[in-house]
Each structure stands twice: as structure tokens, then as C-alpha cells.
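Notes to accompany the following structure.
The values are calculated or read from the model by the stated rules, or taken from the named source; none is laboratory data. Remember, predicted model here, so these are calculated numbers, not experimental data. Here the Cβ positions follow ideal geometry from the backbone for every residue, glycine too, while neighbour counts run over all protein chains shown.
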Amino acid sequence: MSTPSSPKKKPRARKLERDRARETESKPKAGSPRHAAAKETAAKKRAKPKSKVAKAESRAPREPRDPDARSKAESPRGQARGSKRSNDVWNPSGKPQRKGGEKPSGTRGSRDRYEEDRPTRAPRKYNDDAPARPPRARRDDTAPSRAPRTYKDAAPSRARRDDVAPARAPRKYNDDAPVRAPRKYNDDAPVRAPRARRDDSAPTRAPRTYRDEAPARAPRTKREEIYAPKSRLPREKASTEKVSSKSAMSDDTAEVALDTASSSWAELGVSTELLSTLKRQGIETPFPIQAKTLPDAISGRDVLGRGQTGSGKTLAFGLAMVTRLAHRKATAKHPLGIVLVPTRELAMQVTDALMPYAQAVELDIRLIAGGMPYAKQIDALKRGVPIVVATPGRLNDLVEQGHINLSKIEITILDEADQMCDMGFMPQIVEVLDMTKPNSQRLLFSATLDKDVDKIVRKYLHDPVEHATNSGKASVKTMTHYLFITYSEDKPTILAEIGSRKGKTMFFARTQAGVDRIAKDLANKGVPAGALHGGKTQAVRTRTLNAFKEGLTNVLVATDVAARGIHVDGVSLVVHIDPPNDHKDYLHRAGRTARAGETGKVVTMIGPRQQKAVTAMTSRAGVDPEVVKVKPMSKELVTITGAKEPTGIAWKPPAEAPARGRRPGGPSRSGGGRPQSRSGGSRGGSRSR
């Protein structure tokens, strides 16, 4: 049987055994020479330290060694003795060791490493104990010592050169100079004889008489003043006065009102067929811009019209075009007149405004704008449309596709030309004007005439007649302006209170996201509000604008897309939630109120730190607003805007009614983009809307 193996030890125990074994192996055995040497070395280490006297004696200079000691050490006997001594000391490394003051054994080269083997030098004497060194002998090539230099005053005077100039005499001062005779002045000079008159000189004119001495001119009749050329008309004085926040009608405005009241549509040259339509529309007398531009436009001249928004520019160019193209027929894809506008909303408004007058003289008008189906527009152009109201982008698209040709255009009208240039439509406008006949009539209407608009006028309008009712600044006397200083945390509450007022109100914001957020917040607080901006589809934009016009919503929140040209009756208050950056944008936003002789108010909401910048902007627009600090339902807020507390009941827009002729949930009966039946109404009448 095998014996059982011993139990395994732990690693820690095995390590301790190995360490003990190594210690016992390294220790010398008792009684051996190595053991005695180790004990002697340990005893020396435990000995008491030397006293100061002993240390001083050990530091004393040693006596010179015996010169024969070195030779003895080199002898074989000395080497053996040295090796014997070295073996008496425990030396585990096996290297030669020195003990105390003994000399190291080995060759001469190894002994030279130790300073103890060299003879002791005598102590070095310092320089003060050294004997004085004799002076160094003088070298023969050294320069002789110079005598001490004397100063210049002690130096002998240098001999005078022969070429030296003699000494000058002392200069005499001016007081020693002889006195000059006094100069004779011109009054002492002899009188010059009068110059003889030339024969070719002009004869002396008679004294000019003033105008009051001129014979009185016969008073000009009103008809002569209307049809008089531009050079004979009196020059208008540009008004530089700012519009006060509360100002009554000025003398100039009253004079214009008298002029327009005395003139009639028949005297301006409007077709007799249009007079009855104007009467049915309730337009009995023309506005100033209409009275000035219609005679020249109807006669065929190029017209440059400038007037503030809401001054009646649409009828000014629309009546002239309809009168000139009355009862004309257009061939396929070749219209006779074209109206360019910047936005879809303005294009729809111009089409709706001119449709009754075009139908009165058997003309058709077609709207061509983006966001609408191509099929209906292309089909109408193929049948032939005399007048086209279009936006630049869609019109150029149809031209490139070959669906419209502008070579037979007789009248081209640019409405809101400054906005089209600001929106980047300048290249498209130039392309359209280049496609029309060079000698065709062109009418340009704008609120401001600067930058790119001036380039268009110089290049494409031939001897235009300029008519302006303003100087590019706010001149509507029935409009008052206010600056509401409020804090950001109070603004949503104040907007809801203003939106609850009686009457139509337009809010303008800078971004599309801001418009949607404000409209949603107003609706949640019980204020019927619609949102209008370029990010919505054309159907939604049209439905929102119609709801505001019909009174379903009293508040319209919009971006600058609705700031130009859009006309809505009864807008009595315009609120700038975000102040515009440009004074022209301020004027166009404010122009949504106080249109066609109505009164209105414009409010700009600002923070306490925005007053300086906004005031500078309004001053460029010619407006001096009244600054008011308002809080929710404060007295000033209620007095100026008629604010009321909102109901707090969330308002939801009414559900959209299904389109006529369309089955719920099914396709159109007419199918796709095909035009509807021609039954009902004149050609293209209701289909253009």
C-alpha cells in the first residue's frame, strides 16, 4: 500500500520556507574565518564614535610615506601579503576590497586610481606669502611713453595758413542800415484812365421787371389742365413734413379732394360702357392717382405712377387697359395685355377687381399663378385670352414650355414693381419685357422708385409721363401711428385683448412659425384668427383670406406676403407684432388700413430697448408715432384699440364644405384637371377664380 502524500502547503508558507533557507545558506558558519571577520566588522560598527580630539588628530596631515614602500608592495612577497589580508575580510562579491588605511593590491595602473598612493604634497602657499615677482623686462618694440596731454587753451597757437580767409568785420544790425523810403500805397498812385468799351460787348440790359408787373394770364380751364403736356403743368412741391400721430386733413389734401370731386370718369376718357359698371360698384368719382394717370394711359403713352398703397392704382391701370382693348379678340397662346404682380394673393385680387369691367366690354381675364393646376391655365391660353394677370415665376415657366407667346402684347403693366425687384424677380421681368414688342405701351406702378426699378424705367419706358401722389413716405392723413412699449411676458395677453376688439384687425409677424404659434394661441383663448404665409398651400391661403374678408374671422395673422396689394374692406387696425426692418415694409404693412378714404390706426409693439431703433425707422418713413406704455387692459390700451377681455373658450375653424360637383370621398365628375363645362356665364368668366 502506498503511503498517503503529505498535505499541500499554501503558497504563503512555501515562500516563507524559501526565504529562511536562503538566509541560512548566506550566513557564514560559526568558527570559520569568515564568521570571525564578520563579528569583528560588526563590533567596529557598534564602537563608540571618536571624540573631537581624536577626530582632529585623524584629520592632521600625514607624514610622508616611505618611498621604498611602493617597491615592496610590487614585490611578489608583498602581493601575497596583500592577498592574504584581503582574504581575511568577508567579501561576498569577490572584488578586491580595501581595509582601513591599507594599500590596495594590484598593478601600478590600478593603484594610480587612489589618491592615498601618491606622495603627500606640501601645503600650497597663498599669494600673499609668495615672494614678489621681479618686474618684467621692457620690450624694445613698445612705443615710448607720451607726455601728458595738455588742454587746448595751453596748446601753442597753430601757424596760420596762407589760404585762410581774413577775419570778417562785425556784422551790422538792421538798425544801422539806412532807412528806406516809405512805399506808396494805391491811394497815392495816379488815377487810371477808364478802359475803353469794346465794340463787341453786349449792350446794357434794361432792368428786369417782376412777375407782378407782367400782364395777367387767362385762367386755365380744367380740361386744358388734364390734357396739357407735362412741360406746361405746374411743378408739384415735394412735402417734407412728417405725419403727426393725430393730424387733420391738410390744405393739399383738401385741394386734391376738390379736384377729384370736380372731375368725372367721362372727362378722363373712360369708355361709356364702363360708366354704368362704375356706378353699380359705387365708385362715382376718381381718386387723385386715377385722375392723373388715366388720360395719358388711355392715349397710349408710357406712364410711371407712384402712390401710396390703397390709393387706387389697380383701377388706374385696369380701366386704361380695358378701355384700349375693348371688344378685341385674341388668338391662341397670344394675349394682348399682361399684368405682372409679385404674389398670388395680389394676382387674385387684381383679377377679381377687373373682372366686372372686362366682362362689360366682352373681354376675358385669366389668372396665371403658382400653386394652381397647370391644366386649366394651359387650356384657357389655347382658346385665346386677351388679358393675363400673372406672377413672374409661373409666366416664365409657361413661356419655356411654349404654352404662351408674348410677341403680340400691346400693353404691359408692372404693379408693385419695387416688391418684385426686392423678391428677386428682376431677371424674370427683364425676360418678359424683352419678349414684348419694343414699341408697345408700358405702365409701371410702384410705391417707391429706386434701385432696380429705376433701371427698368430707363431701359424699357419711352418718354414716360410721371405722376406721383406722394414722396415715398406716409402721407395718408386719416391714419394714426402708435408705439406700444410692453414687456415680453405681457405680449400674449395684450394680443388676445386686442384681437377681441370689435372690427377687423391684421397682425404682422416676421416668421412663418411665429404666425402659426400666435394664431393658435389666439384661437385657444377664444379669438377667431387665421394664419396666412407662404408655407401654406394656395387652397388654404385662399380659404383663409376669404374667411377674413367675409367676417368669419376678425383677426388675420400674416407675414409680409400679405403686406402688399391685398385689399380687405373694413380693416381698422394694423398691429406690428415684430417691427419691420425696413421703412418700406412698414409703409406697406400700414397700408392695409385707411384705404380708399377710410380711417385706421397702426400699432407697433416694441420692448423698452427697441425704441431708439424703431423710432429711427419710422422717421425714415415720414412717421412721427405717439409712444405709449401699456399693460394688459390698461386705460391707454382700451382707449386706443378698444381692447376687450377674451372669452377663454377655445375657437375651432368651421369644417370645410365639399366642393360643388364633387362627391364626398370620390373624384371630380369632370375628371382630373380638365376644364369644367362651358355652360353658364361668359367665356372664362367664373372659371378664372
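Quick check on GLU626: is it under 18 Å from SER572 (Cβ atoms) and touching a Ser or Thr at 6+ places or on another chain (Cβ under 6 Å)? Criteria met by GLU626. In this structure, does ASP418 turn out to be farther than 24 Å from GLY600 by Cβ and either of a type in the set (Asp, Glu) or more than 28 Å from the chain's Cα centre (by Cα) (or both)? Answer is no for this residue.
List the helices (runs of 4 or more DSSP H) that sit entirely inside region 269-356 and contain at least 2 residues that are without any contact (Cβ under 8 Å) to a residue 24 or more places away in the chain. Please lay out each step first, then the result.
Working: elements: 272-280, 288-299, 313-324.
Counting at least 2 such residues, we get 272-280.
Condition test on ARG543, is it more than 31 Å from the chain's Cα centre (by Cα) and either under 20 Å from LYS477 (Cβ atoms) or not acidic (Asp, Glu) (or both)? In short, yes.
Based on this model, can you work out whether LEU354 counts as closer than 30 Å to MET479 by Cα, touching a helix residue (DSSP H, G or I) at 6+ places or on another chain (Cβ under 6 Å) and buried (at least 18 other Cβ atoms within 10 Å of the Cβ)? Taking the combined requirement at face value, the residue satisfies it.
Regarding region 30-42, can at least one residue be identified that is modelled with pLDDT under 65 and at negative phi? So far as region 30-42 goes, yes, one or more of its residues are modelled with pLDDT under 65 and at negative phi. When region 490-518 is examined, which residues are found to be within 30 Å of ARG394 (Cα to Cα) and surrounded by 23 or more Cβ atoms within 10 Å (Cβ to Cβ)? Answer for region 490-518, where residues must be within 30 Å of ARG394 (Cα to Cα) and surrounded by 23 or more Cβ atoms within 10 Å (Cβ to Cβ): MET506, PHE507, PHE508, VAL515. For region 370-377, state whether one or more residues are at pLDDT below 90 and at positive phi. For region 370-377, residues at pLDDT below 90 and at positive phi: present.
Based on what the data block shows, is THR618 closer than 21 Å to LEU346 by Cα and either not aliphatic (A, V, I, L, M) or not assigned by TED's automatic domain parsing to the domain that holds THR391 (or both)? Steps first, answer last, please.
Numbers: closer than 21 Å to LEU346 by Cα: no; either not aliphatic (A, V, I, L, M) or not assigned by TED's automatic domain parsing to the domain that holds THR391 (or both): yes.
In short, no.
Kindly indicate the residue of region 437-460 that is among the polar types (S, T, N, Q) and without any contact (Cβ under 8 Å) to a residue 40 or more places away in the chain and also nearest to THR412 (Cα to Cα) among those meeting that condition.
Narrowing region 437-460 to residues among the polar types (S, T, N, Q): 439-441, 446, 448.
Right, trim to without any contact (Cβ under 8 Å) to a residue 40 or more places away in the chain and you get 439-440.
On the way: ASN439: 11, SER440: 8 Å.
Checked region 437-460; the qualifying residue nearest to THR412 (Cα to Cα) is SER440.
Selection of first residues in region 597-612 that are within 16 Å of VAL571 (Cβ to Cβ) and of second residues that are outside any strand (DSSP E or B) and among the aliphatic types (A, V, I, L, M), restricted to Cβ pairs under 6 Å at least 6 apart or on distinct chains, gives the following pairs, ordered by first then second residue: GLY600/ALA594; VAL602/ALA590.
Only one entry in LYS376, LYS333, LYS292 is buried (at least 23 other Cβ atoms within 10 Å of the Cβ) and among the charged types (D, E, K, R), namely LYS292.
Residue by residue, here is whether (1) at pLDDT 50 or above; (2) farther than 30 Å from THR478 by Cβ; (3) among the β-branched types (Val, Ile, Thr) holds:
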site: ILE606; (1), (2), (3): yes, no, yes
site: LYS612; (1), (2), (3): yes, no, no
site: PRO625; (1), (2), (3): yes, no, no
site: LEU637; (1), (2), (3): yes, no, no
site: ARG663; (1), (2), (3): no, yes, no
site: ARG678; (1), (2), (3): no, yes, no
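Taken across region 481-491, residues that are assigned to a helix (DSSP H, G or I), among the β-branched types (Val, Ile, Thr) and within 21 Å of ILE606 (Cβ to Cβ) do not occur at all. Do we have any residue at all in region 560-575 that's small (Gly, Ala, Ser) and within 26 Å of the chain's Cα centre (by Cα)? Scanning region 560-575, I find at least one residue that is small (Gly, Ala, Ser) and within 26 Å of the chain's Cα centre (by Cα), so the answer is yes.
Please work out if MET633 is closer than 26 Å to ARG517 by Cα, touching a residue at least 12 places away in the same chain (Cβ under 8 Å) and either out of contact with any strand residue (DSSP E or B) (no Cβ under 8 Å at 6 or more places or on another chain) or among the basic types (Lys, Arg) (or both).
Values: closer than 26 Å to ARG517 by Cα: yes; touching a residue at least 12 places away in the same chain (Cβ under 8 Å): yes; either out of contact with any strand residue (DSSP E or B) (no Cβ under 8 Å at 6 or more places or on another chain) or among the basic types (Lys, Arg) (or both): yes.
So MET633 fits the description; yes.
All conditions but one from (1) acidic (Asp, Glu); (2) at pLDDT 85 or above; (3) touching a Leu at 6+ places or on another chain (Cβ under 9 Å) apply to GLU225; the one that does not is (2). Residues in region 357-400 that are under 14 Å from ALA332 (Cβ atoms), small (Gly, Ala, Ser) and not in a helix (DSSP H, G or I): GLY384 alone.
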